[in-house]
Amino acid sequence: MIKTIGIRREDKNEWERRVPLIPADVLELKEKYGITSIVQPSDIRIFTNEEYENAQARVDENLSDADVVFAVKEIPTQLLEKEKTYVFFSHTIKGQPYNMKMLKRLMELKCNLIDYERMSDNHNARLITFSLYAGIAGMIETLHAFSQKIKLQNYNSPFDTLKQAYQYNSEAQAKEEIKKMGWEISKNGIPKGLHPLTIGLSGYGNVSKGAQSILDLLPIKSITPAQLREGLNPDEMDNHFLYKTVFKEQDMVTPIEGVFGLQDYYDHPEKYKSIFNDYLPELKILLNCVYWTEQYPRIITRKNLENLAAKENNRGLQVIGDISCDINGSIEITRESTMPDNACYTYFAEKDDFENGIQKSGCTVMAIDNLPCEFPKEASSSFSLELKGFVENIVSADFKKGFQDLSLVDEIKKALILQNGSLTPDYRYIADFL
C-alpha cells in the first residue's frame, strides 16, 4: 500500500516561512520507506516549490490524497477534512479558547490529532521542538532592544550595530557579528553607567539553552541568584565582562509554609509565592524562558515594577525578553504578542500604562511569539531532523483500532489528543473547556 503524507502551506502570517519536513528529509522518507509526499505550493516558504519537486514530492494545492497532513501552526477550520490525521501545534492543551472551535470541528469530522508539543520521552522531555531557536532569536532580539534603549539614554555600546534576528541572512552570520561585539567588550569594556551589565534567564530548558548559546559568545561571568539578591558592587566587578544568572524554580519561588520541594511545587503551585522581586534592583535584562499556567505564581507583577520604580537611583530592570509570551502571564505586563517588525512596547510603572516601541525610560518588553520564524531554514532543518524518525510510525498506524491496541510508539501515543474525533484518556479534561 502506498503511504502518502501532506505538508500544508503555512499562511498564518507573512513571517511564517517554516516547514515541518524539509526537502532532503522528504526524499529520505520516500527512499527509505516508500512514503510519497504532497506539498502545497507557497511563495514565502523558506524551501521553494522546486526544491520539493527535486526531492520527488508532488506540489499540489489538494492534500486530499494524503493519509496524514503535517503542518507547523493551526489549520483553519474550513480547511479540515473528514477522518484525516493531522499533526501540528494545536495550542489546545491548556484549553485555549481561541482554538476550541477548531478542536470541536476536528471532533465533528472524526479526525485524529497529534500535537508536537506533547511528543516526549520517558522523562517528559519534549522531543520535537523549535524551542532552541526561540531562545536563539529571542536573545538576539532582546539584546537589540536593549541596545536601542540605551542609545536613547545617550550610551554608546558594543551593541550599537546589532540587528534584529530576521535581518541576518543566517544564524551563522548573526553569531559572527555577536562574536565581534564580544571582542570589543573584552578590549574596551562596558560603559561605566551600564556596569555591571547583568542578564538573567528564568528557566534552564531548551529555550534557555538557545538563549545562552548566543550570550556565551560574549565575555560572560556567571553569578548565582544569591549573589544577585545580596547586591553587586560595581567597583568589585570587571566591566570587560557581562554577568549571567540562570534561575531555577527554587530561586524564583518559596513555599508559603515549610520547605521547597520541586515535585511539590509542580503538584501544588498554589502553596508557593514568587520571590523574584528580590532580584529586580540588580537585574538589567531578563529573558523569560519558563512554561507557565495560571496555577503558578507570576515571576514579575505590576506591583513589583511599581516598587522598583519608586526606589531612589533605580538602575534595575530595563528590558524583558518574554520568549514564553503568555499574555498577562508569568510576566504580568506582557499585554500582547508582537511581530518582528514591531517587536516591543514599554511599560511605565509610575502611571501603570504602556507606550508602543522602545522608550528611553520604563521597562521595555520584547514579546514576539513566533521567534523561530526569524531563522526559518535552520529552525526547520532542526525540527525536521527530529520529526522524520516518527513519520513512518504515524502514517502506518491503524487509528480505527482501540486506543490500547494502537501501534504507535509511546512518544507519539502520548501526543494523540483526538482519536477518531474523541478525546483520548489523558486529554478528556479538555472537554471542560469546550
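Computed quantities for the displayed model
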{"item": "Hits in region 128-157 - residues which are outside any helix (DSSP H, G or I) and open to solvent by 50 Å² or more (accessible area, probe 1.4 Å)", "result": "ASN154, TYR155, ASN156"}
{"item": "Unique residue being part of a loop (DSSP other than H, G, I, E, B), open to solvent by less than 30 Å² (accessible area, probe 1.4 Å) and more than 22 Å from PHE375 (Cα to Cα) when the list is LEU228, LEU232", "result": "LEU232"}
{"item": "Pair list, Cβ < 9 Å and 6+ apart or interchain, from region 416-434 residues that are on the phi > 0 side of the Ramachandran plot and of a type in the set (S, T, N, Q) to residues that are part of a loop (DSSP other than H, G, I, E, B) and buried (at least 16 other Cβ atoms within 10 Å of the Cβ)", "result": "ASN420/CYS111; ASN420/PHE399"}
{"item": "Members of region 168-193 found to be in contact with a His (Cβ under 9 Å, 6 or more places away or on another chain) and either free of Cβ contacts under 8 Å to residues at least 12 places away in the same chain or open to solvent by 80 Å² or more (accessible area, probe 1.4 Å) (or both), listed by number", "result": "LYS187, ASN188"}
{"item": "Residue within region 259-268 that is open to solvent by 20 Å² or more (accessible area, probe 1.4 Å), outside any helix (DSSP H, G or I), more than 27 Å from ASP352 (Cα to Cα) and among the acidic types (Asp, Glu) present", "result": "no"}
{"item": "Condition met for GLU392 (open to solvent by less than 60 Å² (accessible area, probe 1.4 Å) and at pLDDT 95 or above)", "result": "yes"}
{"item": "When residues of region 294-343 are limited to those that are farther than 25 Å from PRO97 by Cα and among the hydrophobic types (A, V, I, L, M, F, W, C), the one most open to solvent (accessible area, probe 1.4 Å)", "result": "ALA310"}
{"item": "Matching residues, region 33-55, being free of Cβ contacts under 8 Å to residues at least 24 places away in the same chain and assigned to a helix (DSSP H, G or I)", "result": "ASN49, GLU50, GLU53"}
{"item": "For ASP160: the one exception among (1) in contact (Cβ under 8 Å) with a residue 12 or more places away in the chain; (2) part of a helix (DSSP H, G or I); (3) of a type outside the set (Phe, Trp, Tyr); (4) farther than 15 Å from GLN318 by Cβ", "result": "(2)"}
{"item": "Identity of the residue in region 349-365, touching a residue at least 24 places away in the same chain (Cβ under 8 Å) and of a type outside the set (Asp, Glu), that ends up most open to solvent (accessible area, probe 1.4 Å)", "result": "LYS360"}
{"item": "Top-ranked residue in region 1-22 [being aliphatic (A, V, I, L, M) and crowded, with 24+ Cβ neighbours inside 10 Å; ranked as farthest from ILE44 (Cα to Cα)]", "result": "ILE5"}
{"item": "Every residue from region 30-76 that is of a type in the set (Phe, Trp, Tyr) and over 16 Å from VAL19 (Cβ atoms)", "result": "TYR33"}
{"item": "Residue among ASP60, ASP115, ASP25 that alone is over 19 Å from SER384 (Cα atoms), surrounded by 14 or more Cβ atoms within 10 Å (Cβ to Cβ), among the acidic types (Asp, Glu) and at pLDDT 95 or above", "result": "ASP60"}
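The values are calculated or read from the model by the stated rules, or taken from the named source; none is laboratory data. For clarity, every value in this text was computed on a predicted model and none was experimentally measured. FYI the Cβ positions are ideal-geometry reconstructions off the backbone, even for glycines, and counts take in every protein chain you see. With ligands, DNA and RNA removed, areas are computed over all heavy atoms of the protein, side chains included. Shrake-Rupley method; radii C 1.70, N 1.55, O 1.52, S 1.80 Å.
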